[in-house]
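Asks: Okay, here's the structure, questions in a sec.
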4 protein chains.
Amino acid sequence: MVLLEFSMSPLGQGESVGKYVSRSLDVIDKSGLDYRLNPMGTVLEGEWDDVFGVVRRCFERMKKDCNRISCTIKVDYRKGHAGRLSSKVASVEKHLKRKLRV
Amino acid sequence: MVLLEFSMSPLGQGESVGKYVSRSLDVIDKSGLDYRLNPMGTVLEGEWDDVFGVVRRCFERMKKDCNRISCTIKVDYRKGHAGRLSSKVASVEKHLKRKLRV
Amino acid sequence: MVLLEFSMSPLGQGESVGKYVSRSLDVIDKSGLDYRLNPMGTVLEGEWDDVFGVVRRCFERMKKDCNRISCTIKVDYRKGHAGRLSSKVASVEKHLKRKLRV
Amino acid sequence: MVLLEFSMSPLGQGESVGKYVSRSLDVIDKSGLDYRLNPMGTVLEGEWDDVFGVVRRCFERMKKDCNRISCTIKVDYRKGHAGRLSSKVASVEKHLKRKLRV
């Protein structure tokens, strides 16, 4: 299982890209994978091919009407660990013995 | 105002780096800046010098006992927009007319 | 065609990771895709499935003996543009009317 | 000393952003820091405050006429190592006992 965070934006569609980001979130939300949306990207959890398959579907959707697209992806693989969408944040809070803003 | 997401990890301190990440979150949480922690990083909102000042303090803390450090940073500046730690996610939910996992 | 830059490192294998990075470069160099190595990553040019296929093969190789792996990826897609491994740098030099350090 | 790779682009200035990227390279090239330009970004080497100072100057220049700006930054700090703009690539080539495309 990997955690994958990504964000994807068109260049050349103006300064507001919420319409395009929303279409990606629609793809993500219907993918069946667990995820968390944050102000700078979306974190998915799953097997390598599954999470990258979602990124690819978002790309295929976006390039239908966008000629230039930027995408940043960060992957954290850890053997034998699952449920890390929740456990990584919980682990930090446990270390600090207090709640953080999530 | 900018949004800045970052994550910072030592190399050469083993596979579990929660202890080091927790110290960064302590610096962030006490910085006075608004932030959101997610499973892959922390998003800060503030002026350029303030948010980068926090990243620098996390780095200064980590290099006291870490010889190699990796850090990824992503910045989204938008003139005249504030409160985007909440509003960017809300905007996507409004576009899709439903709640997402956050 | 997309440009894809990536870097991939193990956590928990010590501070020097050159051995692992070299194995990735061996995969890349033998892939048949065009690429450029720089001090912080490798830039590949090709179709989406081809460049991501290379990243996946580097991951499969690394996880044989690494329990935790970090990977950052950046993609720049531009419709109808090829040869950008060379032309993007050339375009900047043309704008500035002078040679830069490459 | 740190290695810092970054790229910075405006959103809302059309699909071609070479004009804006060139202005950043002009700032970088005149900064006095050593650097290498590649097709996806620029790698700087120097002390933390110096390399981040260059990124900040590129940002200040860009926001004069750009209302939205995206920037990705990756930092690799290694205690007691300098000259890594050249030595990291050389180390990989030495491991593989052959020249790579740079």
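Any read-out appearing in this document is the output of simple, stated calculations on the displayed coordinates, not a laboratory observation. These numbers were taken from a predicted model, which means no experiment stands behind them. Positions of Cβ are generated from backbone atoms using ideal geometry, with glycine treated the same way; all protein chains shown enter the neighbour counts.
Asks: Pull up region B:32-46, narrow it to residues that are within 14 Å of chain C (Cβ to nearest Cβ) and touching an Asp or Glu at 6+ places or on another chain (Cβ under 6 Å), then point me to the one that is surrounded by the most Cβ atoms within 10 Å (Cβ to Cβ).
Replies: Per the criteria, the residue is B:Met40.
For (1) out of contact with any strand residue (DSSP E or B) (no Cβ under 6 Å at 6 or more places or on another chain); (2) under 17 Å from D:Val27 (Cβ atoms); (3) buried (at least 19 other Cβ atoms within 10 Å of the Cβ), each residue gets a yes or a no:
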site: D:Met62; (1), (2), (3): no, yes, yes
site: D:Arg68; (1), (2), (3): no, no, yes
site: D:Cys71; (1), (2), (3): no, yes, yes
site: D:Val75; (1), (2), (3): no, no, yes
site: D:Gly80; (1), (2), (3): yes, no, no
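Residue by residue, here is whether (1) within 14 Å of chain D (Cβ to nearest Cβ); (2) under 12 Å from the mean Cα position of the chain (by Cα) holds:
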| position | (1), (2) |
| --- | --- |
| A:Gly14 | yes, no |
| A:Lys30 | no, no |
| A:Val55 | no, yes |
| A:Cys58 | no, yes |
| A:Ser70 | yes, no |
| A:Tyr77 | no, no |
| A:His81 | no, no |
| A:Val89 | no, no |
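Asks: Right, next: Could you tell me whether D:Glu5 is at the interface with another protein chain (Cβ under 7 Å from one of its Cβ atoms), under 23 Å from C:Cys71 (Cβ atoms) and not hydroxyl-bearing (Ser, Thr, Tyr)? Talk me through it step by step, then tell me what you get.
Replies: On the way: at the interface with another protein chain (Cβ under 7 Å from one of its Cβ atoms): yes; under 23 Å from C:Cys71 (Cβ atoms): yes; not hydroxyl-bearing (Ser, Thr, Tyr): yes.
The answer is yes for D:Glu5.
Asks: Next up: Considering only region C:49-96, state which residues are touching a Cys at 6+ places or on another chain (Cβ under 9 Å) and in contact (Cβ under 8 Å) with a residue 60 or more places away in the chain.
Replies: Within region C:49-96, C:Cys71, C:Ile73, C:Lys74, C:Val75, C:Asp76, C:Tyr77 qualify.
Asks: Next question. Could you run through region C:26-77 and say how many residues are in contact with a Gly (Cβ under 8 Å, 6 or more places away or on another chain) and under 17 Å from A:Leu3 (Cβ atoms)?
Replies: 4
Asks: Filtering region D:91-102 down to residues that are touching an Asp or Glu at 6+ places or on another chain (Cβ under 8 Å) and within 7 Å of chain C (Cβ to nearest Cβ), which residue is farthest from C:Arg23 (Cα to Cα)?
Replies: Within region D:91-102, the match that is farthest from C:Arg23 (Cα to Cα) is D:Arg101.
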